[in-house]
Structure formats: C-alpha cells, structure tokens
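What follows draws every value from the coordinates through simple rules; no lab data is involved. Since the structure is predicted, the reported quantities are computational estimates derived from the model, not experimental observations. We place every Cβ from the backbone using ideal geometry, glycine too, and count neighbours over all the protein chains shown.
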Amino acid sequence: MRALSIMQPWAWLIVHGYKPVENRKWPTSFRGPFLVHAGQKFDQAGYDVVRECYPEIQLPAPSEFPKGGIVGVATITDCVTRMNSSWFYGPYGFLLEDARPLPLVQFRGQLSFFDVPDKCLADPRAAHLTESAEVF
C-alpha cells in the first residue's frame with residue numbers, strides 16, 4: 001500500500017479529521033487510500049500556529065505525538081490548486097477523506113509516495129493495517 005510521510009502535528013491533525021488537505025509543492029495524479037506516515041521531525045512553529053488559530057483543538061503535548069511510523073489511513077480524492085479552507089496554502093492540495101488514526105507501526109519514511117511492502121501489512125503486529133486496507 002502507498003504511504004506518504006507527513007510531519008507532526010500535521011499527520012495527527014489529518015488522521016483525527018481536522019485537516020482535510022495535505023499541502024505540497026508538487027501535484028499528484030494518485031487517488032485512493034494511503035497510509036499516513038509520521039516523520040521523525042516535528043514542526044514546532046506549525047504546532048504553535050494551530051494552538052493559536054484553533055484553540056478548540058485539543059492537541060497533545062509535542063512529546064506525545066507518535067513519530068517514525070504509520071499513524072493512520074486516509075483517502076486522496078483530488079489534487080487542487082485552490083480551496084476555500086484555512087488549511088490550504090498550496091501550491092497544491094491533496095483533498096482527503098475517510099481519515100482515521102491507527103496504532104503506531106514503526107516504519108522508515110521516504111520522500112514523496114512510497115510503498116509499504118505487503119509483508120509488513122501481513123505481519124500480525126500490523127494486522128490493523130491490513131484490516132483498514134480492506135475497508136477501501
């Protein structure tokens with residue numbers, strides 16, 4: 001299954017249904033489900049902006065965000081250059097639906113989309129990933 005690395009807190013905001021778009025400098029023709037991978041880096045400036053602009057969102061403390069693995073699934077439905085959302089700043093936005101968190105499965109991330117081997121999804125420790133993939 002394909003995966004995309006996203007820095008925290010953005011990955012958390014996506015899989016918990018707050019952020020309906022992933023901003024990128026490059027477009028994609030990919031549509032469908034993908035695994036949300038949380039990279040090792042944490043965007044402290046972004047965290048501070050979210051806390052200030054969206055005080056209703058109860059963010060975990062920075063040290064509590066899972067990093068370095070698969071943290072959820074979502075579906076890309078479109079790639080846009082305009083969107084009426086405060087979450088969009090472009091130049092490209094991957095529109096997201098059906099996002100939900102999953103327990104952390106450690107996995108090394110990569111740039112752009114990357115494949116998570118089926119054997120990793122078939123591992124009993126990652127059974128919840130296989131079950132989620134079947135939903136789509």
**OP:** Assign unit charges at the C-beta atoms only (+1 for Lys and Arg, -1 for Asp and Glu), then state the dipole size of the stretch 1-60 relative to its Cα centre in Debye, rounded to the nearest 20.
**Re:** 360
Subject >> Amide N proximity, the stretch 1-16 versus Tyr54 label position 7 Å along Cα-to-Cβ, cut-off under 13 Å >> reply: 8-16
Original post:
Applying 1/(1 + (r/R0)^6) with R0 = 25 Å to the Cβ-Cβ distance of Ser63 and Arg108, what FRET efficiency is obtained, to the nearest 0.05?
Top reply: 0.75
Original post:
How much of the DSSP beta bridge set in the chain is antiparallel, as a percent to the nearest 5?
Top reply: 80
Subject >> Estimated vicinal HN-Hα couplings, Hz - the stretch 94-110 in sequence order (Karplus 6.51, -1.76, 1.60; Gly, Pro = x) >> reply: 8, 6, 10, 9, 6, 7, 7, x, 9, x, 4, 10, 4, 7, 6, x, 8
Subject >> Peptide ranges 6-14, 50-58 listed from the most packed, as the mean C-beta count within 10 angstrom indicates >> reply: 6-14, 50-58
Subject >> Per residue, the convex hull volume that the Cα atoms of the stretch 2-135 enclose (Å³) >> reply: 105
Subject >> Long-range amide H partners of Asp78 with built H, under 5 Å >> reply: Leu95
**OP:** With a 10 Å radius around each residue's Cβ, average the other Cβ atoms per peptide and rank 32-44, 68-80, 103-115, 87-99, highest first.
**Re:** 68-80, 32-44, 87-99, 103-115
